[in-house]
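Some notes on the structure that comes next.
Coordinate-derived values only; no laboratory data. Bear in mind that the values here come from a model prediction, so they are computed numbers and not experimental data. When we count neighbours, we look across all protein chains shown, and the Cβ atoms used for this are built from the backbone with ideal geometry, even at glycine.
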Amino acid sequence: MDPSEHRTVEVHLIRHGETEWSLSGQHTGSTDLPLTATGRQAARLLRPVLEPIDFSLVLCSPMQRARETCELAGLADRMQIEPDLSEWNYGDYEGQTTAAIHAEAPGWLLFRDGAPGGESPEAIAGRVDRLIARLRRTEGRVALFAHGHVFRMLAARWIDLPPLAGSRFLLDTATLSILSHYRGIPAIRSWNAPLVWPT
């Protein structure tokens, strides 16, 4: 990308609310879990933040945890399903915790090693790069509803870092992050911004 080219797209990343497996630390790729009651409550708190924004595009992972978050956040009427936002395919590690995986494969790191029977970091980077190319042809603000690991890869690739750098972006459930530009250069405006719970 030519850094002198002015970009106007701003990308809001919304990680889905809590599920039973995000709470327990189990890797959740293709397992189609619903939100917990806490996850639904957090998603509803996104509504006053997101609903007033005039998004030119709203894309969502096919998984119900992302779709339900989008719906509760008030953007269901603009939602388009985007398969490239699907979470990492964990293959043999689906449903396992990192601690359980390390008992069999000490030192394993998803963003370096990928998942046996699932996707490699290069495969995830490839579909994220395809999505980024689409986003950079879009004007205005875009909302993406998806998952932790695919968003971490998206952040790394947005600022031209290698796939391994996705490991350096921690991301909690029901958070808002914003990807933008600084004088035409891809930049991260905010990351892992939590919601303030009412007292």
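With a requirement of 1 or more residues that are β-branched (Val, Ile, Thr), surrounded by 14 or more Cβ atoms within 10 Å (Cβ to Cβ) and under 15 Å from the mean Cα position of the chain (by Cα), the helices (runs of 4 or more DSSP H) lying completely within segment 1-120 that satisfy it span 64-72. I'd like the residue in segment 127-174 that is surrounded by fewer than 22 Cβ atoms within 10 Å (Cβ to Cβ) and of a type in the set (Ser, Thr, Tyr) and, out of all such residues, is nearest to the chain's Cα centre (by Cα). Filtering segment 127-174 for residues that are surrounded by fewer than 22 Cβ atoms within 10 Å (Cβ to Cβ) and of a type in the set (Ser, Thr, Tyr), the one nearest to the chain's Cα centre (by Cα) comes out as SER167.
Of all residues being in a helix (DSSP H, G or I) and among the aliphatic types (A, V, I, L, M) in segment 134-191, which is farthest from TYR90 (Cα to Cα)? Just the residue, please. So, considering only residues that are in a helix (DSSP H, G or I) and among the aliphatic types (A, V, I, L, M), the one farthest from TYR90 (Cα to Cα) is LEU135.
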